[in-house]
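Encoded as structure tokens, the structure appears first; notes follow it.
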């Protein structure tokens, strides 16, 4: 039996972080991956979806040159942007990418527990002092009548293998994947309909931000059906028919983006006595399972299903594993988790939304700054959107939602502030380069301070001081 210091099962974002850091620490590392290093994020998730979105944005920008005072002809020929996406992914996952794991023993195969100390892969058995499960998630296929009978259902797993763009597409699910792909496919020539059971797009985020995105979708010709229960899916004369009870959507292909489920089945967790539910492997704040030497990091534990959260959890789990005592700063819940949706306009959020804060009965102040009130975003041709910050009388920041240009970048200033308990005053007093888009963050803090200045008491004090 081969022995290692640490064993990593799954080489997605969490597993890669653990493997690279473990090797850098001088530990002997065994990494097991059943498919491709990089997991879904690199091969059929975050990265390829952004490449496809970029292709759609490039075409959209070219078609909109006139709004910048430029007249130019554009003739679109038959093309397959998916081939470019695949080429880019191949370039990213090349030799330079794999160099980070040159000190890692990497084997390809399906891992299964023999007991809580032993893992079998292809007939060989391995053991390690610390074991990290990082198997991620896979697309959830909802039990819609007739859906499983449709040939070649698209998910993020096979979507990027398309050889040609479909003329029509129905997307089940209005979350991040569904919304991003709706816009990407539409801009590349596909007629898209999105249908889902939630009251608005991006249901885990701010409703007002989602409505802003829905307005853009309507302008771009994307059909969005909110709050709909799909009663069945069938094939009629070679066309896929998606029924909601009130109407029927017809399309060449159907993309299922209705959520994720953890990949647990092949592991035979029961052999190791590891506790789990259908939502994922049960872990404590340090990502430890009920077996103290076994950790579960990333999407497979069901907490914060984002690639960046998985990487962060992997780092924390490894640091905890090599620490002689459990350190509070290594707990997962000590860190705020931002998220972004890379549509146009982008949506990003950290902390509480306005609805969540009010549901908690919090005494809050809601600050909102429209993009169209700032010269830079208007000049750039991106006046759509706003920043909404949830604060209180003392300027503490409880959450921020941004919809608009560069939202995924702007959100990090608020994330930092929340993480390290900085207030609106700290945002106000930090100089921002003008006219950067991030200046709009400072403008929100300025409005907070100006509101404070409206107090009659402050006015009396100011007159006395002057």
When 135, 289, 170, 277 are arranged by how many other beta-carbons sit within 10 Å of their Cβ, fewest first, they go 277, 289, 170, 135
Using the beta-carbon distance between residue 394 and residue 211 and R0 = 51 Å, what value does 1/(1 + (r/R0)^6) give for FRET efficiency, to the nearest 0.05? 0.95
Kirkwood hydrodynamic radius (C-alpha pairs) into Stokes-Einstein, the range 185-235, 25 °C and 0.890 mPa s, D in µm²/s: 205
Using only alpha carbon pairs under 8 Å that are at least six residues apart, calculate the relative contact order of the range 147-258 and give it in whole percent. 35
Length-normalised contact order for the range 297-416 - Cα pairs under 8 Å, 6+ apart - percent: 23
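Among DSSP bridges having both ends in the range 73-225, what percentage is antiparallel? Round to the nearest 5. Show your work: numbers first, answer last.
On the way: 8 of 16 bridges.
The answer is about 50 percent antiparallel.
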One finds the C-alpha centres of the range 386-446 and the range 306-345 to be spaced, in Å, by 22
Principal axis extents for the range 52-151, Cα atoms only, whole Å, descending order, please. 68, 46, 22
20 °C / 1.002 mPa s Stokes-Einstein diffusion coefficient of the chain, Kirkwood radius on C-alpha pairs, µm²/s: 88
Among 335, 420, which comes first, second and so on when ranked by fewest other beta-carbon atoms within 10 Å? 420, 335
Going fewest to most other Cβ atoms within 10 Å around each Cβ, 374, 68 line up as 68, 374
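Let me make sure I get this right: for the range 1-117, a, b and c are the square roots of the gyration tensor eigenvalues over alpha carbons, sorted descending. Under 1.5 in a/c it's rounded, otherwise prolate if a/b > b/c, else oblate. Which is it?
Details: a/c = 3.90, a/b = 3.10, b/c = 1.26.
Cα axes put the range 1-117 in the prolate bin.
Residue 163 to residue 335: FRET efficiency via 1/(1 + (r/R0)^6), r the Cβ-Cβ distance, R0 45 Å, to the nearest 0.05?
Numbers: r = 42 Å, r/R0 = 0.93.
E(calc), rounded to 0.05, equals 0.60.
Starting from the coordinates of the alpha-carbon atoms of the range 347-411, obtain the Kirkwood hydrodynamic radius over all distinct pairs and give the value in Å to one decimal.
Values: mean 1/r = 0.0813 Å⁻¹.
Answer for the range 347-411: a Kirkwood hydrodynamic radius of 12.3 Å.
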Which parts of the range 155-174 would a label at residue 83 reach, counting a residue when its backbone N lies under 11 Å from a point 7 Å out along Cα-to-Cβ? 163-164
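Report, to two decimal places, the Cα Rg of the range 317-466 normalised by 2.2 N^0.38 Å (N = number of residues). List each step's numbers first, then the result.
On the way: Rg = 17.9 Å, N = 150, 2.2 N^0.38 = 14.8 Å.
Normalised Cα radius of gyration, the range 317-466: 1.21.
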FRET efficiency for residue 355 and residue 265 from the Cβ-Cβ distance with R0 = 51 Å, rounded to 0.05, comes out at 0.90
If you average the sequence gap of Cα pairs under 8 Å that are 6 or more apart and divide by the length of the chain, what percent do you get for the contact order? 14
How big is the range 147-258 in terms of Cα radius of gyration and Dmax, in angstroms? 13.2, 41
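Subtract the Cα-Cα distance of residue 219 and residue 322 from 0.36 nm times their separation in residues, and report this length gain in nm to one decimal. Each step should come with its number before you reach the end.
Numbers: separation 103, 0.36 × 103 = 37.08 nm, distance 5.35 nm.
Net length gain for the segment: 31.7 nm.
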Please report the Cα spread of the range 237-295 along all three principal axes, rounded to whole Å, starting with the longest. 55, 23, 16
Cα gyration tensor shape for the range 225-346, rounded if a/c is under 1.5, else prolate or oblate: prolate
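All of the numbers you see were taken from the coordinates with simple rules; none came from a lab. Fair warning: this is a prediction, and the values are worked out from it, not measured in the lab. Reconstructed Cβ throughout: ideal geometry from the backbone, glycine too, with neighbour counts over all protein chains shown.
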